1. Hey, can you tell me all the residues within segment A:440-474 that are within 25 Å of A:Ile60 (Cα to Cα), crowded, with 16+ Cβ neighbours inside 10 Å and basic (Lys, Arg)?
2. So A:Val109 ticks every box in (1) part of a loop (DSSP other than H, G, I, E, B); (2) buried (at least 16 other Cβ atoms within 10 Å of the Cβ); (3) not acidic (Asp, Glu) but one. Which box is left unticked?
3. Give me the residue from segment A:65-87 that is of a type in the set (A, V, I, L, M) and at pLDDT 95 or above and, out of that set, farthest from A:Gly132 (Cα to Cα).
4. Within segment B:404-443, restricting attention to residues that are over 18 Å from B:Val392 (Cα atoms) and acidic (Asp, Glu), which residue is farthest from the other protein chains (Cβ to nearest Cβ)?
5. For segment A:189-293, which fully contained strands (runs of 3 or more DSSP E) count at least 1 residues that are more than 8 Å from chain B (Cβ to nearest Cβ), open to solvent by 10 Å² or more (accessible area, probe 1.4 Å) and of a type in the set (Phe, Trp, Tyr)?
6. Quick one: B:Asp331 ticks every box in (1) without any contact (Cβ under 8 Å) to a residue 60 or more places away in the chain; (2) open to solvent by 60 Å² or more (accessible area, probe 1.4 Å) except a single one, so which number is it?
7. Find the residue count for segment A:48-62, including only residues that are assigned to a loop (DSSP other than H, G, I, E, B) and buried (at least 18 other Cβ atoms within 10 Å of the Cβ).
8. Hey, does segment A:63-77 have a residue that's open to solvent by 30 Å² or more (accessible area, probe 1.4 Å), within 27 Å of the chain's Cα centre (by Cα) and not aliphatic (A, V, I, L, M)?
Protein chains: 2
Amino acid sequence: VRLETIPPSLISRFAEIVGEANAVTRADEQAGYLREWRDRYTGRTPVVLRPNSTEQVSRILTLAHEHGVGIVPQAGNTGLVGGQIPSMDGDQIVLSVERMTRVRDVDAVDGTILAEAGVTLAGVQDIAESIGRLFPLSMASEGSARVGGFLATNAGGTGVLAYGNARQQCLGLEVVLADGRVWNDLKRLKKDNSGYDLRDLMIGSEGTLGIITAAVLKTVTKPVDFATAIAAVPSIDAALALFHAAETAAGDTLTGFEFWTGDLQQIATAHMAGVRAPLDHSGPWFVLIEVSEQRKDGSARALLRDILDEAFSDGVVTDAAEAQSLAQRKDFWALRESFSEAQKHAGGSIKHDVSVPVAKVSSFLKAASEAVQRVCPGARPMPFGHLGDGNVHYNITQPPGMDKATFLALWEAMPRAVHDVVAQFDGSISAEHGIGQMKRDELVRYRCDVSMDIMRSIKRALDPKGILNPGKVL
Amino acid sequence: VRLETIPPSLISRFAEIVGEANAVTRADEQAGYLREWRDRYTGRTPVVLRPNSTEQVSRILTLAHEHGVGIVPQAGNTGLVGGQIPSMDGDQIVLSVERMTRVRDVDAVDGTILAEAGVTLAGVQDIAESIGRLFPLSMASEGSARVGGFLATNAGGTGVLAYGNARQQCLGLEVVLADGRVWNDLKRLKKDNSGYDLRDLMIGSEGTLGIITAAVLKTVTKPVDFATAIAAVPSIDAALALFHAAETAAGDTLTGFEFWTGDLQQIATAHMAGVRAPLDHSGPWFVLIEVSEQRKDGSARALLRDILDEAFSDGVVTDAAEAQSLAQRKDFWALRESFSEAQKHAGGSIKHDVSVPVAKVSSFLKAASEAVQRVCPGARPMPFGHLGDGNVHYNITQPPGMDKATFLALWEAMPRAVHDVVAQFDGSISAEHGIGQMKRDELVRYRCDVSMDIMRSIKRALDPKGILNPGKVL
């Protein structure tokens with residue numbers, strides 16, 4: 001169905017479901033839904049629908065199914081791979097869940113939150129806080145990201161090391177299927193082996209198998225004491241040695257282990273307002289390490305000291321600064337969260353969100369750096385990310401002085417070179433951002449044919465007309 | 001295809017794949033594969049095939065697919081719902097993975113183990129131990145249960161509270177599909193958002209979507225100090241209050257929270273060799289609570305003391321015994337693990353493996369007990385299980401003096417009554433044992449039609465001829 005073939009009468013029928021005020025057709029009002037925040041993806045649509053209930057979503061999909069109209073679900077529009085943006089053909093309708101913001105239930109005893117798809121991640125964190133618990137998913141976009149989006153993409157972030165991805169924070173789902181039927185599976189069970197794991201299949205399927213309208217989220221016991229340090233390390237091998245020592249010593253109380261380069265720190269502190277670094281930029285590598293405890297008896301700090309003391313004597317750490325207050329802890333994390341945006345100030349950058357087995361991060365970085373130089377001599381890799389998860393945001397800044405557009409024109413050759421190295425290390429071309437439109441061709445290249453066949457047969461089984469987020473993932 | 005319709009020539013072709021010595025056709029040699037250890041399920045088969053490689057499994061399925069022959073995968077034959085036993089029709093071939101016992105790789109740095117489907121759970125635990133790590137899946141059958149089985153059924157056990165089910169211990173899979181193709185997804189990644197979560201779909205599908213031939217298992221940091229106590233509590237509400245206090249105080253270091261009744265304890269200590277209880281049987285309820293720490297500085301014991309002291313002053317605990325040695329800790333756990341078998345000594349028992357939201361366990365037990373009395377006055381509920389997971393092994397012992405067979409004849413009416421109560425509390429009719437053949441009809445009754453439709457369409461998509469473990473789950 002092309003734009004010109006969706007008759008106005010059909011668009012009117014979609015609009016009637018949500019009411020005229022929530023069927024957005026004016027270009028200026030549509031703009032915010034049709035572009036991704038980094039401007040890498042833009043699309044067209046005849047109408048943005050903003051349902052306020054599961055029933056409305058169900059009616060929209062029933063109608064779309066009947067007429068074979070593609071529906072692109074969108075939540076906070078913070079995705080980084082274009083999954084939430086329609087195609088330029090204008091033949092897909094955007095369904096925004098932003099008005100579905102009801103918190104249907106909070107169970108303070110079991111610590112569960114039943115929230116609709118439009119509730120923000122920060123909103124969920126606040127509710128958890130209000131019952132003395134922690135919702136451990138955390139990322140730079142948490143003020144805008146919404147339940148439907150962070151579950152559809154199985155979002156990651158800085159809390160994954162200790163608490164897992166979005167998938168691990170969800171007990172039950174309500175999903176509208178391609179034909180408009182509502183699959184109500186809003187369970188609050190810690191254990192359930194009654195049939196296939198449909199929940200985890202829906203989570204991370206990026207709206208291609210169903211539209212998540214609500215979820216039961218679980219919370220965890222809130223740590224009450226934190227010990228946080230930034231340490232300079234002489235090499236990634238040293239950083240990995242520190243990680244393994246910290247993990248052995250702290251176990252599950254090791255709640256953060258991030259890394260970045262001195263270059264990146266220099267750019268961030270030079271250009272980003274309010275961003276400070278506790279150590280000079282000569283690193284050459286830095287790690288942020290955090291231990292969280294349930295009790296305020298100083299044991300978190302004592303444990304971190306022990307870890308760092310041993311690391312100093314092993315030569316694994318050359319300098320370290322401990323956060324002396326919660327405000328300073330916040331500064332440490334703000335430094336870490338600033339890198340993605342900071343890179344803009346060093347010119348064009350080509351970004352990769354990859355993972356490899358933790359033990360292979362060092363060899364991967366070396367091989368990737370060589371591959372980068374072959375594609376573009378002088379380009380500057382500025383990797384950072386979640387070292388404890390083997391998740392590297394392998395971002396590459398243009399050579400100084402190069403024309404930005406010339407560099408960005410490499411945004412096919414460069415990912416190909418980097419992803420080839422990832423494949424060589426049995427890694428993933430998308431550790432946490434998903435596939436969306438950006439990595440759809442890459443997925444075919446790097447996943448085996450059998451994987452692709454299984455995914456396609458599941459897609460056909462659940463969405464035979466292909467109306468759910470067409471052109472994404474598969 | 002009925003037994004009489006599998007021509008001997010076809011059976012010979014299957015036998016050729018594994019070699020005659022590993023194609024078991026003699027009744028006496030087949031016996032161990034055709035009955036479940038509690039004797040609730042028995043079946044017939046023309047041949048038990050014992051392949052020793054993924055390639056042989058692939059060839060078996062290719063041939064089975066071509067001729068539409070049902071294949072029943074079996075690992076340690078410890079399942080409790082008949083999932084591993086063929087039908088009585090004798091038209092299904094049993095495929096035992098017991099000879100696939102290679103450990104293909106152990107990565108001591110990342111703590112991963114690549115094991116084939118026939119390696120036992122105890123074997124995996126030993127390998128983890130040998131690299132100074134812990135494989136946290138633990139259950140009474142661990143000496144016999146095997147990788148392929150505990151993953152196909154997403155097994156649970158006593159470690160779930162802190163570490164999750166089998167699903168959470170697996171990073172990657174190798175699976176032979178219905179048509180014999182090998183899906184190699186032996187990833188070692190902590191994070192991977194490249195496409196649908198096929199791994200978690202396969203795990204827990206009980207061999208109906210594919211046959212797991214190998215897996216990458218992850219390990220966790222090994223706790224080095226344990227504080228373990230058995231406490232008498234006046235009610236389940238008190239037990240829940242204790243659980244929540246312990247969880248808040250200990251967070252992830254709370255690694256065990258089990259419960260049982262005084263009756264059960266009495267039966268176990270009276271009849272089971274070597275089983276001892278540290279407190280008399282007047283409970284009326286008991287909990288086992290365990291805190292595990294990464295350091296041997298006495299903090300585990302101090303924390304447990306704090307929790308129990310507060311519980312005493314709140315009246316939530318009436319008596320408690322702390323394990324004074326690792327040997328005594330072992331005794332405490334042996335007591336807990338003895339209940340399933342101990343119940344045999346009190347006559348016939350009808351068993352349920354259910355879960356409800358943790359906060360609802362108390363109301364569930366009350367309502368279930370009333371339902372039991374309506375079905376069989378005088379029947380004695382002897383619930384025990386993983387309180388911290390909301391997972392109750394709701395076992396019911398016959399009234400004293402009743403004929404055992406008469407009581408066991410209620411093994412339809414009783415589960416129906418209990419599961420109706422489970423449904424009322426939004427629970428699951430199978431918390432950890434799976435569906436198999438035992439709960440296949442129950443699944444249809446208690447899962448919504450939409451859930452069943454999704455599962456059936458996935459089954460059709462991946463196994464269109466229905467040859468994988470026919471008659472199980474769906």
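The values are calculated or read from the model by the stated rules, or taken from the named source; none is laboratory data. Computed from a prediction, not measured in an experiment: that's the story for all the values here. Every residue, glycine as well, gets a Cβ built from its backbone with ideal geometry; the counts of neighbours run over all protein chains shown. These area figures cover heavy atoms from the full protein model, side chains too; ligands, DNA and RNA do not enter into them. Shrake-Rupley method; radii C 1.70, N 1.55, O 1.52, S 1.80 Å.
1. Within segment A:440-474, A:Lys459, A:Lys465, A:Lys472 qualify.
2. Exception for A:Val109: condition (2).
3. If we filter segment A:65-87 for residues that are of a type in the set (A, V, I, L, M), which is where we start, we get A:69, A:71-72, A:75, A:80-81, A:85.
Filter once more, so that each one left must be at pLDDT 95 or above: A:69, A:71-72, A:75, A:81, A:85.
Numbers: A:Val69: 45, A:Ile71: 39, A:Val72: 36, A:Ala75: 27, A:Val81: 35, A:Ile85: 37 Å.
It comes out as A:Val69.
4. The qualifying residue farthest from the other protein chains (Cβ to nearest Cβ) is B:Glu412.
5. Working: elements: A:211-218, A:225-233, A:254-261, A:285-293.
Correct list: A:225-233, A:285-293.
6. (2)
7. Residues of segment A:48-62 assigned to a loop (DSSP other than H, G, I, E, B): A:50-53.
In the following step, the residues that additionally are buried (at least 18 other Cβ atoms within 10 Å of the Cβ) were identified as A:50-52.
Here the count works out to 3.
8. No.
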